[in-house]
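**Q** Sharing a structure with you now.
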Amino acid sequence: DDKPLLSWLETAIWPVARAMTEEDAYVSGLLGFVENIRGGATTVVDHQYIHTEPGNDDGICRAADETGLRFKLARGWADVDYHPSLMEPAERILSETTRLYERWEVNGNGRTKVEFAPLIPWGCTDETMLRSYELSKRWGAGTHIHVAETQEEIDINLEKRGNRHIDWLAELGVLGPDFQLVHSVWLEDHE
């Protein structure tokens with residue numbers, strides 16, 4: 001509570017994220033899912049963007065599978081301007097999300113769904129956003145993105161692209177009922 005979001009990420013989240021293993025992801029997933037079940041939730045959406053070990057997403061999906069919850073893995077990604085160990089090239093984002101979709105949704109238990117989750121507008125290129133959105137549409141899946149969480153992030157997008165988060169997404173033509181906007185704290189009336 002005593003730090004701005006980006007400072008908190010840098011000092012509290014990124015150091016832990018860089019060291020997270022598949023087993024850590026599995027155990028933390030179990031803990032989170034049990035907490036949700038105890039609170040009465042039967043479905044969980046997780047914007048999971050820690051891919052520092054190849055099986056991190058599989059660990060989370062395995063935990064969801066074992067708890068019996070309905071689960072949507074919103075596989076987070078950033079391909080520019082983020083912590084170097086948490087960024088991925090476009091081809092890896094697309095291929096790994098496709099692998100997870102085929103493993104856990106197409107060939108899974110029917111309770112796990114997979115979708116793309118661009119992390120934040122200023123961490124995504126237009127090209128990768130459009131490619132992931134088109135693939136997600138082909139699957140009949142959604143897209144999950146954090147937007148307008150802080151004024152600082154709006155300012156980053158204004159400096160980088162000359163527009164606000166929602167205006168950028170509208171210009172790309174990706175907004176619609178299958179596009180989930182998370183946080184959305186610093187919106188203007190027209191947005």
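The values are calculated or read from the model by the stated rules, or taken from the named source; none is laboratory data. Just so it is clear, the structure is predicted and the values come from calculations on it, not from any experiment. FYI the Cβ positions are ideal-geometry reconstructions off the backbone, even for glycines, and counts take in every protein chain you see. Keep in mind that these areas ignore ligands, DNA and RNA; they rest on the heavy atoms of the full protein, side chains included. Shrake-Rupley method; radii C 1.70, N 1.55, O 1.52, S 1.80 Å.
**Q** Name the residue, out of THR21, THR43, that is out of contact with any strand residue (DSSP E or B) (no Cβ under 8 Å at 6 or more places or on another chain), touching a residue at least 12 places away in the same chain (Cβ under 8 Å) and either within 25 Å of GLU105 (Cα to Cα) or not polar (S, T, N, Q) (or both). Spell out how you get there, then give the answer.
**A** Working: THR43 fails: out of contact with any strand residue (DSSP E or B) (no Cβ under 8 Å at 6 or more places or on another chain).
It is THR21.
**Q** Let me ask something additional. May I ask you to list the residues in the stretch 107-121 that are surrounded by fewer than 21 Cβ atoms within 10 Å (Cβ to Cβ) and in contact with a helix residue (DSSP H, G or I) (Cβ under 9 Å, 6 or more places away or on another chain)?
**A** GLY108, ASN109, ARG111, LYS113, LEU119
So that you can scan it fast, the table gives a plain yes or no per residue for (1) more than 17 Å from ILE13 (Cα to Cα); (2) in contact with a Lys or Arg (Cβ under 8 Å, 6 or more places away or on another chain); (3) in contact (Cβ under 8 Å) with a residue 24 or more places away in the chain:
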residue: GLN48; (1), (2), (3): no, yes, yes
residue: GLY59; (1), (2), (3): yes, no, yes
residue: ALA63; (1), (2), (3): yes, no, yes
residue: LYS72; (1), (2), (3): yes, yes, yes
residue: ALA78; (1), (2), (3): no, no, yes
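**Q** Please determine whether any residue of the stretch 110-122 is part of a helix (DSSP H, G or I) and under 17 Å from the mean Cα position of the chain (by Cα).
**A** Yes, the conditions are met somewhere in the stretch 110-122.
**Q** Next question, about the same structure. From GLY39, GLY29, which residue is more than 30 Å from GLN151 (Cβ to Cβ) and loosely packed, with under 13 Cβ neighbours inside 10 Å?
**A** None of the others qualify; the one that does is GLY39.
**Q** Among the listed residues GLU152, GLU171, GLU188, GLU134, which satisfies the condition of being modelled with pLDDT under 95 and either over 21 Å from ILE93 (Cβ atoms) or open to solvent by 60 Å² or more (accessible area, probe 1.4 Å) (or both)?
**A** GLU152
**Q** Determine, yes or no, whether GLU91 is among the acidic types (Asp, Glu), open to solvent by 60 Å² or more (accessible area, probe 1.4 Å) and without any contact (Cβ under 8 Å) to a residue 12 or more places away in the chain.
**A** Yes; evaluated as a whole, the condition is true for this residue.
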